[in-house]
Amino acid sequence: MHEMKPVKQKSFFMNSITRILAILLLQLALVSCADKQDSGQSCEVQLDEQKYKTVADNTNCSNYERASGYLGQAGVSFGNFLKKGASDNLTKTLGIKKLSSPTDYTTGNRGFITKALCLIGANTFLTSSRCNSSSRTRTTNELEISMFANIADFLYLNYGVLDNDSNGTISSTEGEAFTKLKTDGISVEGLGTGLATYNNFEVVIGSNHYVANSDHTKCDPYIDNYTFTPSSNTSCAARALSHGISITEIRPIFKLDNMTDVTADGDLLKLVSMVSELSMISTALSSDFEELTISSENSIRKSLTEGLSKLDNGAKDNNPTADQACLAVTLFDVMFLLVKNASDNSTTSTGLKSGNLISTTDLINAVDSSLSLLPTGASAVIKALPMKSARIVYATNSPATTHTDSYEAAESSLYKAIKNTRSLGIDDSVKSDGKVTFRELICVAEN
């Protein structure tokens, strides 16, 4: 088993944090000057005098002013960052305490950040369980404060979860321990997958779907499941002739009889929660940029989001080249690709036609290089037919004797492994798309 490359001793985004803080200070300085020019409003004057709690607690102050007060209490203030060494230890400067989980919204100064976001945050925050509020339209000032609140929340989340000794640095040991998968026994040669040939094929003829035996001499119409054994004496060639068109595609069917649970029976749920939180924050931050008409090419936005690039790294992306390969995600994909498109008990017979499919390229190159898509002695005609996808069916008992199209109806340990793996997220990862996926998070050490 290969080892993941260690992360550097600096945190995942420390190289760009100085730029982020410089822009943050500039923005807060401008706000402060504006407050001094307009001393007629007591809330603004009190903010200028750093009476943050007074403003935050005053419901007569605007949401913008109160959110600013909460951020001031969280350490996100002009004066706080003027202190010597403020940018060298963000854990100390922002008063970051160890979080019990990524969804711990109240510990330490994160509680103030939460209160700010529940006043001026994106609707994804307002309508979530974190705020239990309603959607609303925000002013430009509120969007600006929301942007800084998102940055503060992003920093608090990462240091609060990953910086175990709260020394202001996320070490290689801390980063690797958090993102480590249970990949023992998994390889791209198919170990850990429990895949086996089913000896049946799905045959697509235009919009018509059939299940056929290995030599396609028996070819019966698909009705509501792909696990039956065809019994008619009508060949697929005859079926195609009756439709007046050629066979569109054949799809080999593979049995998934058992599967390694990469989450170690749910031990990675904290990591799943981390991905969810990072995705919500990064998506909200991207939304704020767009609403403030700060384009992706804007130098300020680039500097602010540079710290996210370590996380929003694309993993292997969807069409990786060899030098993009991340070992951690290569091993994870052995399982991920098998279950990403899994059908459940609610999948209709029509929906099942596109469910449980995996590209043959992924199946052979990323899941199990020992598999053969065709049975021994397959005819030249069958070999020449298009074969873009393969279909997966799941064992319902152990030892496996019967199978199902729904992973929710699978044998209990197989169902749990699939369910836990899918809980890590089923979206493809795309570099710099503003969303952080599980696949990207486990590749942080190699980016």
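The values are calculated or read from the model by the stated rules, or taken from the named source; none is laboratory data. This structure is a prediction, so every number in the text was calculated from the model and none was measured. When we count neighbours, we look across all protein chains shown, and the Cβ atoms used for this are built from the backbone with ideal geometry, even at glycine.
Flag: L191 does not match the condition of being under 25 Å from R251 (Cα atoms), surrounded by fewer than 23 Cβ atoms within 10 Å (Cβ to Cβ) and touching a Phe, Trp or Tyr at 6+ places or on another chain (Cβ under 8 Å). Against the list (1) over 20 Å from L271 (Cα atoms); (2) at pLDDT 80 or above, the condition K419 fails is (1). Can you say whether K431 is under 25 Å from the mean Cα position of the chain (by Cα), at negative phi and in a helix (DSSP H, G or I), as far as the supplied structure shows? Judged against the criteria, K431 is not a match. L352 fulfils the conditions (1) outside any helix (DSSP H, G or I); (2) closer than 18 Å to N225 by Cα except for a single criterion, (1). Among (1) surrounded by 14 or more Cβ atoms within 10 Å (Cβ to Cβ); (2) in a loop (DSSP other than H, G, I, E, B); (3) at pLDDT 90 or above, where does N345 come up short? Going through the list (1) surrounded by 14 or more Cβ atoms within 10 Å (Cβ to Cβ); (2) in a loop (DSSP other than H, G, I, E, B); (3) at pLDDT 90 or above, N345 breaks only (1).
Looking at V76, V7, V55, which is the one that is under 22 Å from S146 (Cα atoms) and either at pLDDT below 90 or not hydrophobic (A, V, I, L, M, F, W, C) (or both)?
Checking each option against the conditions leaves just V76.
The residue that is surrounded by the most Cβ atoms within 10 Å (Cβ to Cβ), counting only those in region 391-428 that are β-branched (V, I, T), in contact (Cβ under 8 Å) with a residue 40 or more places away in the chain and in a loop (DSSP other than H, G, I, E, B), is I426. Only one entry of S172, S166 meets the criterion of being at pLDDT 75 or above, surrounded by fewer than 20 Cβ atoms within 10 Å (Cβ to Cβ) and within 30 Å of R110 (Cα to Cα), and that entry is S166.
For region 74-89, the criterion of a residue being crowded, with 21+ Cβ neighbours inside 10 Å and either outside any loop (DSSP other than H, G, I, E, B) or within 23 Å of the chain's Cα centre (by Cα) (or both) is satisfied by no position. Within region 355-387, the residues that satisfy the criterion of being modelled with pLDDT under 90, out of contact with any strand residue (DSSP E or B) (no Cβ under 6 Å at 6 or more places or on another chain) and part of a loop (DSSP other than H, G, I, E, B) are L371, S372, L374, P375, T376, G377, A378, S379. Taken together, L271, L304 contain a single residue that is more than 17 Å from S146 (Cα to Cα), assigned to a helix (DSSP H, G or I) and either at pLDDT 85 or above or outside the structural domain of A122 (by TED's automatic domain parsing) (or both), which is L271. Restricted to region 90-113, and to residues there that are part of a helix (DSSP H, G or I) and in contact with a helix residue (DSSP H, G or I) (Cβ under 8 Å, 6 or more places away or on another chain), the residue that is nearest to D163 (Cα to Cα) is T91.
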